[in-house]
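*Asks:* My structure is below; once you've seen it, I'll send some questions.
Bear in mind these aren't lab numbers, they're just calculated from the coordinates by the rules spelled out. Remember, it's a predicted structure, so these values are computed and weren't measured experimentally. For neighbour counting, all protein chains shown are included, and Cβ atoms are generated from backbone atoms with ideal geometry for every residue, glycine included.
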Amino acid sequence: MPHAPIKPPEQFVHLHNHTEFSLLDGASRIKAIVARAAELEMPALALTDHGVMYGAIPFYKECRAAGIKPILGCEVYVAPRSRLSKEGRADRDPYHLTLLAADRAGYLNLMKLCSAGQMEGLYYKPRIDREVLAEHAEGVIALSGCLGGEVATKITGGDLEGARETVATYRDIFGAQRYLLEVQRHGVAGQEKVNLALQDLAAEFQLRLCATNDLHYVHKQDAEAHDVLLCLQTGNRFDDPRRWRFESQDFFLKSGPEMAAAFEDLPDALAATLDVAGLVDLKIARAVPAPARGRGPELALWRAAAG
């Protein structure tokens with residue numbers, strides 16, 4: 001007998017989201033994005049700003065106050081070669097990779113990765129590389145990224161063997177349970193080609209697909225304000241027909257039913273968002289003032305209290 005079609009899950013968790021801390025690219029305030037997620041009765045919400053974690057604590061507090069599980073993360077930039085290579089265009093265009101902290105170790109590792117990107121890899125953007133990722137992979141969940149991710153870039157470029165090598169490498173770094181292939185649908189050119197290839201790679205490497213919406217603003221009607229922000233970022237006039245802009249107005253916080261409709265054929269990719277949220281167990285201790293004296297038992301007690 002044929003298998004009954006799998007129904008999309010009733011809930012969904014957004015795992016790829018940009019706030020005002022993705023400077024000149026994210027047009028969603030933390031309070032607004034959390035309030036919208038609470039209005040839609042979403043159980044959890046992630047923060048993945050570009051290359052930084054400045055918003056982590058305000059986001060964590062806002063989510064906890066709203067009864068939503070906070071998932072702290074970062075969309076990092078991965079250098080095509082080494083984070084230490086800084087030569088011309090060869091090192092100017094890094095890949096995107098979505099990272100989430102599953103626990104305290106993962107949260108600390110994400111901070112170390114962001115610091116490495118700023119202190120060692122900064123070249124147009126704060127970049128890391130596979131070497132430093134492997135050193136700080138404990139407690140980190142990775143999604144393969146948007147069209148700017150390494151896997152997607154190689155698929156669109158026709159380098160399927162390179163895409164396979166990339167998937168195998170990141171699977172080995174993070175483990176098969178903590179590395180998922182990210183599928184998105186914004187009506188953007190090339191996305192369906194990538195999604196089909198990702199489905200084949202998921203089957204080949206026994207990995208899960210994970211649906212995200214690469215959120216840059218809270219409501220659909222905020223798309224024009226975000227477009228103005230892009231003009232500020234690139235120094236272009238709003239009325240310039242040749243300027244860079246997003247190809248659709250679908251980069252907002254969609255409801256569970258809207259995501260279910262977009263990924264009706266990939267219900268497992270929707271369910272994976274709930275599974276990822278279930279893996280997250282991160283509690284950040286209340287800030288405790290450091291002692292005036294930097295040595296002795298007072299410091300040990302402060303460290304214990306601060307978590």
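*Asks:* Take the alpha carbon gyration tensor of the range 30-306, find the square roots of its eigenvalues, order them as a ≥ b ≥ c, and report rounded if a/c is under 1.5; if not, report prolate when a/b exceeds b/c, else oblate.
*Replies:* Taking the square roots of the gyration eigenvalues as a ≥ b ≥ c, the range 30-306 is rounded.
*Asks:* May I ask you to derive the FRET efficiency for LYS112 and GLU87 from their Cβ-Cβ distance with R0 = 30 Å, giving the value to the nearest 0.05?
*Replies:* Efficiency for this residue pair is about 0.75.
*Asks:* Using the Karplus equation 6.51 cos²θ - 1.76 cosθ + 1.60 (θ = phi - 60°), what ³J(HN,Hα) coupling, rounded to whole Hz, does each residue of the range 46-57 give in order, writing x for Gly and Pro?
*Replies:* Values per residue, Gly and Pro as x: 10, 10, 9, 5, 6, x, 9, 10, 4, x, 4, 6 Hz.
*Asks:* Compute the convex hull volume of the Cα atoms of the range 1-99, divide it by the residue count, and report the result per residue in Å³ as a whole number.
*Replies:* Taking the convex hull of the Cα positions in the range 1-99, it is 150 Å³ per residue.
*Asks:* Considering amide H positions built from the backbone, and no H for Pro or chain starts, which residues 5 or more places from HIS96, or on another chain, come under 5 Å of its amide H?
*Replies:* Correct list: VAL78, GLY149, GLU150.
*Asks:* If you don't mind, there's one more thing I want to ask. If you take the square roots of the eigenvalues of the alpha-carbon gyration tensor of the range 135-225 and sort them as a ≥ b ≥ c, do you get rounded (a/c under 1.5), prolate (a/b over b/c) or oblate?
*Replies:* Oblate.
*Asks:* Using mean Cβ contacts within 10 Å as the protection proxy, how do 43-53, 87-97 order, highest first?
*Replies:* 43-53, 87-97
*Asks:* State the antiparallel share, in %, of DSSP beta bridges confined to the range 77-162, rounding to the nearest 5.
*Replies:* Expressed as a percentage, antiparallel bridges in the range 77-162 total about 70.
*Asks:* With a ≥ b ≥ c taken as the square roots of the eigenvalues of the C-alpha gyration tensor of the range 70-176, please select rounded if a/c is under 1.5 and otherwise prolate if a/b is larger than b/c or oblate if it is not?
*Replies:* Here the range 70-176 falls in the oblate category.
*Asks:* Along Cα→Cβ, 7 Å out, is where each label goes; now give me the distance between the ones at ASN236 and LYS220 in nm to one decimal.
*Replies:* Distance between the two pseudo-spin positions: 2.4 nm.
*Asks:* Within 10 Å of each residue's Cβ, count the other Cβ atoms and sort CYS210, CYS114 from fewest upward.
*Replies:* Result, fewest neighbours first: CYS114, CYS210.
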